[in-house]
Each structure stands twice: as structure tokens, then as C-alpha cells.
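These notes concern the structure reproduced below.
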Amino acid sequence: MVVIDEKLEPILNEVLRRNAGEQEFHQAVREVLESLGRVVAKHPNYANNALIERLCEPERQIIFRVPWVDDKGQVQINRGFRVQFNSALGPYKGGIRFHPSVNIGIIKFLGFEQIFKNALTGMPIGGGKGGSDFNPRGRSDGEIMRFCQSFMTELHRHIGEYTDVPAGDIGVGGREIGYMFGQYKRLTNRYEAGVLTGKALFYGGSRARTEATGYGATYFVERMLATKKTTFEGKRTVVSGSGNVAVYTMEKVIEFGGKVVACSDSNGYVVDEKGIDLDLVKELKEVRRARISDYARLKGAGTHYVESGSIWDVPCDIAMPSATQNELTGADAKTLVKNGVKAVGEGANMPSTPEAVRIFQEARVLFAPGKAANAGGVATSALEMQQNASRDSWSFEQTEAKLATIMRNIHDLCAQTADEYGAPGDYVLGANIAGFVRVAEAMDALGVI
Ligand code: NDP
Ligand code: 2IT
């Protein structure tokens, strides 16, 4: 395990003590603090005024009851969260997740990661995250709408264009953003387009936001491959998940000449040696809200579905975990390395366990951490905010070109920072340090707040 700098160890210990039982939050903080020893050695001022301690403590944490009525007339209760972690660089910005596994520790890990990710984009956005333990699976459209309305009935008092700007994440896509925006508009009597991002095009959304996270992760990996004078062309690629990030990762990988041979959902994974038929995945997931097992059932010969099991058993050159946290374990990383994986690009937030990251790095596999590689989603959200603020709307090409530039800049910033701090090729260190320095400079300038 990486040793934590002696100045930073008491900070980590205090985070562990104060946030007992929040394992994912501990994991996220530990990973960042492991990278910061070299910064504090070079710039001791960043350790002054308890700057790092303040960075690890959310500015505000909101937990609320979300009552709603299901289709049978039964009252259901869920728990809602919004963690407003850091606003040194701009209004809090980050997604909302609806998944039964959501708890305060999960939202804090996501909010903490978001601070550095958003800083890496170079755009004026702070870090936050929200969600609920509501399980959308099997719920009717009416139930989803009533849940979203109830969730927003409380959340609306805490957000705003200049305060906190939520977007989607797991279980929250265009439909849910629409219902939440509708309720916000009704409660506030304001058409405040910039209060949420990920909106549909006809009421203030940005072109390319839907595609942005997956496209962005693929641009990042393309740039990373270029440092080794190689490309996606002909590379076997495995993408976990089949949601928003996974679908648009697959789309761009295919456009770049890669061959996507497997994808998954929480029940299992499907392998198609001819290359995944993305139109079918989109039809199943975006229209029918069906299971990935249906892919193999409909396609038949040449494809197979594996219930449970690990998608990382499928041999590939490039792995793009795009489902959820800790979905790629140390054992999976060993299998991938044994099978000759050359690059790993995290579309999801923290999908690789710390052991998996260590195994990839020791094997000198190109490894792009989520907070850098998946920043294209939030960056395009910031572009949506720009369009809303100027009451403008850009073409797909213009927006995607900006996204591509942002991703290449993030890649280069991480690579240069890793070089500067004596760890060439270590994108984890590069991302953590580069993101931290931007936030630290702003926090330092703002005084003890
Ligand atoms: P979606 O809800 O669209 O899709 C999530 C996908 O991951 C589904 O295929 C889902 O399967 C699978 N999944 C979710 N939870 C689990 C689990 N516990 N075990 C196995 N599979 C699971 O979400 P997104 O695509 O938006 O998000 C995916 C990841 O990307 C998350 O880590 C998110 O935080 C991250 N991310 C998202 C961004 C965005 O713009 N949307 C931006 C940056 C990061 P099933 O349908 O069976 O649940
Ligand atoms: O994890 C993430 O970066 C997101 N879910 C997107 C956040 C956003 O505000 O677009």
C-alpha cells in the first residue's frame, strides 16, 4: 500500500474517525491524500490554515425525507441527499443518483471526487453530489414523476443557478431531469434554465451532453494511447454497464475503429464476437428499459450471455469500466493483465478498487482514473450553463469540438503534472495533484471560510 505523508496521516485519521463506516468516502479521500505528499513537500503553504482538513469536510450536507404515493396508493418513504462539498471555484456542481445502494457515504465519496474532477475541467464549477436510495427499477412513469416531484419539493430550496446545479447520474437521465425541472419551475415560478443540466434540447439542454461522458472518456483514452503511438483501430474493447456512459463510450470507440465485444448490466454480461450491435443496445436500454440478457436472446447465434460472473474475464486490449464504484477488483485486474490489457479508462466514478489500480500501475498498463477520464460529462454540463446564461444554443459539432479540446487538455495537464512531480505516466497522481492545486489556490485566496 502507498504510504501517506506524515503530515497528512493525522488528517486521514480524523476523516476516518469523523465519518465512521463510510468506506467509499474513506477510499476516495485516502487515494487523494496519498498523492498530496509531494505537493505539500513542494508548496508547504497548501497545508496552512487547515486547508486540506477543510477540503475533506463538506461545506453543507442536506438529508431529507421523500414521501410519495405509488401506483397502488401506498405511501412510500425514501431518503434524499445533497452534499454541497466545495464552492471555491464556482457553484456546487454534480449529479443526482437514484439507486438503492445510495447512502451518505456514497454521496460524500462522489461529491469529494467531483471537486477535483470539476477543477480539472478548468471551468468555474465547485463540487457537489446528491441522490436517493429510491430504486427506479420496475417503477411506472407516473411513479418516477411523483418521486422526482417530491424529491424536488425539498431540494429546490437548496439549489439555484448561482448556488448549486445538479444533473444526472445512475438512475437519473433526461426523463428524471425533466420532471425535476418542471417541479422546480412550478415551485419557484422562475424559468431558470441554468439550475439543472442534462435537460432535453427543446427546453434549454445542450447538444452533446447526452453523449459527453462516454465520448469524453474515449477522447481521453485516445490521447493516452497516442503517447504510446497507438490508436483504437482494431482494438478489442470491453465496456461494462449499458447505461448512459457505457452506450456513448461504445459509440465513440466504434467510431474510432475499435471493436466492442462485451457490455453488461447489474445482472450479467453479453459477449458478441462480431462486435456489439449498438442500435440494439440503445433500443433495449433507452427505449424498452429492458435487460442486457435480452440482447443475446434476440441476437441468438454468435452471442452469449453470462449471468453474474465478471465481464473482466473477457479478453481485451482496452477496458472501460462504466457502471459503478468498485466493480473492477484486484482479481479482475490480474485477469485483465494476464490477458494482455493495454489501457484502462474509467468512465464510472472509482470503478477500480485500490488493489486493481495498483496492479495496473505495476504492470505499466495505461490507466486513466475516473476523475479525469469521465470529466467530459460535467464539462459539457458547464457548457450547457454557458449556453443558458447567454440564452444561446450551439451546434452539435461546435459543442463536441469544445468537449474534445477540454478532454485533450485534461489529459495533457495530468500527464505534465505527473512528469513535474517525478511520476511520469501516473495519471492518478497527475489528476489528483492538478485538481487539488486549482482548488487549493482558490481556497487560499478566499481566506478561512
Ligand atoms: P445509468 O443509470 O445510465 O447506467 C448505469 C449502468 O451501470 C447500468 O447498466 C446499470 O445496470 C449498471 N450498474 C449500476 N449499478 C450497478 C451495480 N451496483 N452493479 C453492476 N452494475 C451496475 O448511469 P450512468 O451511465 O450515468 O453512470 C455510470 C457511471 O458513470 C456511474 O459511476 C456514474 O457516477 C458515472 N458518471 C456518470 C456521468 C453522467 O454524465 N451520467 C458523468 C460522470 C460519471 P442496471 O440497469 O442493471 O442497474
Ligand atoms: O459524476 C459526474 O460527473 C456526473 N454525474 C455528471 C455531473 C454533472 O453535473 O454533469
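The values are calculated or read from the model by the stated rules, or taken from the named source; none is laboratory data. All of these numbers come straight from a predicted model, not from anything done at the bench. All Cβ positions, glycine included, derive from the backbone under ideal geometry; neighbour counts span all protein chains shown. Note: accessible area is taken over every heavy atom of the protein model, side chains too, but ligands, DNA and RNA are not part of it. Shrake-Rupley method; radii C 1.70, N 1.55, O 1.52, S 1.80 Å.
Checking the condition open to solvent by 20 Å² or more (accessible area, probe 1.4 Å) and closer than 21 Å to G309 by Cβ, which residue from D272, D294, D279 passes?
D294
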* Structure fact -> By residue number, the members of the stretch 241-285 that are among the aliphatic types (A, V, I, L, M) and not in a helix (DSSP H, G or I) are V260, V261, A262, V270, V271, I276
* Asked: So which residues in the stretch 118-132 are within 13 Å of ligand 1 (Cβ to nearest atom) and open to solvent by 10 Å² or more (accessible area, probe 1.4 Å), if there are any at all?
  -> T121
* If you take the residues of the stretch 178-214 that are of a type in the set (V, I, T) and either more than 15 Å from ligand 1 (Cβ to nearest atom) or more than 22 Å from M407 (Cα to Cα) (or both), which of them is most open to solvent (accessible area, probe 1.4 Å)? -> T188
* Asked: Is it the case that some residue within the stretch 293-310 is closer than 24 Å to R207 by Cβ and part of a helix (DSSP H, G or I)?
  -> no
* Members of the stretch 109-124 found to be under 25 Å from A445 (Cβ atoms), touching a Phe, Trp or Tyr at 6+ places or on another chain (Cβ under 8 Å) and in contact (Cβ under 8 Å) with a residue 60 or more places away in the chain, listed by number -> F112, Q114, I115, F116, A119
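Conditions (1) within 16 Å of ligand 2 (Cβ to nearest atom); (2) free of Cβ contacts under 8 Å to residues at least 40 places away in the same chain; (3) at positive phi; (4) surrounded by fewer than 24 Cβ atoms within 10 Å (Cβ to Cβ), marked per residue:
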residue: D332; (1), (2), (3), (4): no, yes, no, yes
residue: L336; (1), (2), (3), (4): no, yes, no, no
residue: N339; (1), (2), (3), (4): no, yes, no, yes
residue: G345; (1), (2), (3), (4): yes, no, no, no
residue: A368; (1), (2), (3), (4): yes, no, no, no
* Filter the stretch 71-98 for residues that are crowded, with 21+ Cβ neighbours inside 10 Å and within 15 Å of D133 (Cα to Cα) and give the result. => G80, F81, R82, V83, G95, I96, R97, F98
* So which residues in the stretch 41-72 are at pLDDT 95 or above and of a type in the set (K, R)? -> R54, R60, R65, K72
* With the condition kept exactly as written, say whether any residue in the stretch 261-268 is open to solvent by less than 20 Å² (accessible area, probe 1.4 Å), farther than 20 Å from H99 by Cβ and away from ligand 1 (no atom under 12 Å from the Cβ). => yes
* To do: Check whether at least one residue in the stretch 159-182 is at positive phi and within 19 Å of the chain's Cα centre (by Cα), and report yes or no.
  => yes
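Determine which member of the set I144, I125, I107 is more than 13 Å from ligand 2 (Cβ to nearest atom) and of a type in the set (V, I, T).
I144
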* Structure fact -> Among T153, T210, the single one that is within 19 Å of the chain's Cα centre (by Cα) and at pLDDT 95 or above is T210
* Structure fact -> Scanning the stretch 150-179 for residues that are in a helix (DSSP H, G or I), more than 21 Å from G126 (Cα to Cα) and touching a residue at least 40 places away in the same chain (Cβ under 8 Å) gives S150, F151, E154, E176
* **Of all residues in the stretch 386-443 being free of Cβ contacts under 8 Å to residues at least 60 places away in the same chain and in contact with an Asp or Glu (Cβ under 9 Å, 6 or more places away or on another chain), the one that is most open to solvent (accessible area, probe 1.4 Å)** => Q386
* Given the conditions (1) free of Cβ contacts under 8 Å to residues at least 60 places away in the same chain; (2) closer than 17 Å to V172 by Cα; (3) open to solvent by 10 Å² or more (accessible area, probe 1.4 Å), which single one is not true for G243? -> (1)
* Structure fact -> Per the filter on the stretch 147-177, residues crowded, with 19+ Cβ neighbours inside 10 Å, more than 16 Å from ligand 2 (Cβ to nearest atom) and among the charged types (D, E, K, R) are none
